[in-house]
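The values are calculated or read from the model by the stated rules, or taken from the named source; none is laboratory data. Computed from a prediction, not measured in an experiment: that's the story for all the values here. Glycine also receives a Cβ, built like all others from the backbone with ideal geometry; neighbour counts cover every protein chain displayed.
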Amino acid sequence: MSVKLKVCGVTRPEDLAACVELGVDAVGINLWAGSRRGLSLAEAEALLRAVDPPRSLERVGVFVEPSAEEVRRAAETLALDLVQIVGAQEVTGYGLPYLWVVRGTPALAELLPPAPRPARALLDAAVPGYGGAGQTTDWSWAAAAVRQLAGLEVWLAGGITPANAAAAIGQVRPAGLDVASGTELPGARRGEKDRAAIAALLVACRGERAGRAGSEGMS
């Protein structure tokens, strides 16, 4: 299966340019000041202006307990396609297309999409704070959650790296992978990305198609 890839926490023009050149499907722009990958609205605007990525690259704004005005202003300024809101108002999206974050392994019987219906769901690990902190969630549970949420696009996050991405895809069968720390250079201080890691993740995401193309080329 061909799976989409979102590179989250992009902070540098060269990293955004790499995402465009390599064919990444989506980027996450972190607008929370409490994150080491966080950008101010002005910094995020300058980042996008420096690269001018095509509209085919989906822009996801990541927020933590923002005001409705903050979200609307960012969505308009950055031309966001989706918002990912963590905190008290995380399920509403403030009237905008939003990504529903499911943290941990809640009972599958209670795993029902909120209203208004999200554009997609994101399965992430439950850890203290607001992110997955590079920890994997239970992939067996995640596979069952994908089946439970049939009809809704479900992505997987948490502790995904080039080394385990293919295994995650094979077991969970998500529509996409959402990766932050697994795309970064060792010791990255502000989310600096590793182009080779992004490329390797794309190989895993496009693995079946790449393999088939290679076989056809050899025949």
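Yes/no matrix, rows are residues, columns are (1) over 16 Å from the mean Cα position of the chain (by Cα); (2) of a type in the set (Gly, Ala, Ser):
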{"position": "LEU112", "(1), (2)": "yes, no"}
{"position": "THR137", "(1), (2)": "no, no"}
{"position": "SER140", "(1), (2)": "yes, yes"}
{"position": "PRO162", "(1), (2)": "no, no"}
{"position": "ALA167", "(1), (2)": "yes, yes"}
{"position": "PRO186", "(1), (2)": "yes, no"}
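Among the residues of segment 142-157, those identified as surrounded by fewer than 18 Cβ atoms within 10 Å (Cβ to Cβ) and in a helix (DSSP H, G or I) are ALA144, ARG147, GLN148.
ALA133 falls short on exactly one of the conditions (1) assigned to a loop (DSSP other than H, G, I, E, B); (2) at pLDDT 95 or above, and that condition is (2). Candidates GLU110, GLU65: the one that is surrounded by fewer than 21 Cβ atoms within 10 Å (Cβ to Cβ) and either among the small types (Gly, Ala, Ser) or on the phi < 0 side of the Ramachandran plot (or both) is GLU110. Of the residues making up segment 39-93, those that are among the polar types (S, T, N, Q) and under 21 Å from ALA157 (Cα atoms) are GLN84, GLN89, THR92. On the stretch given as segment 18-49, residues that are over 17 Å from the mean Cα position of the chain (by Cα) and either aromatic (Phe, Trp, Tyr) or within 17 Å of ARG195 (Cβ to Cβ) (or both) total 2. With respect to the conditions (1) over 29 Å from ASP15 (Cα atoms); (2) among the aliphatic types (A, V, I, L, M); (3) in contact with a helix residue (DSSP H, G or I) (Cβ under 8 Å, 6 or more places away or on another chain); (4) free of Cβ contacts under 8 Å to residues at least 24 places away in the same chain, LEU108 lacks only one, and its number is (4).
Does any residue of segment 21-31 turn out to be within 26 Å of ARG206 (Cα to Cα) and among the charged types (D, E, K, R)? Yes, that holds for at least one residue. In a residue-by-residue description of segment 21-41, the property of being among the basic types (Lys, Arg), on the phi < 0 side of the Ramachandran plot and crowded, with 20+ Cβ neighbours inside 10 Å applies to at least one position. When the residues of segment 94-107 are filtered to those that are within 26 Å of ALA42 (Cα to Cα), out of contact with any Pro (no Cβ under 7 Å at 6 or more places or on another chain) and not aliphatic (A, V, I, L, M), the one that is surrounded by the fewest Cβ atoms within 10 Å (Cβ to Cβ) is GLY95.
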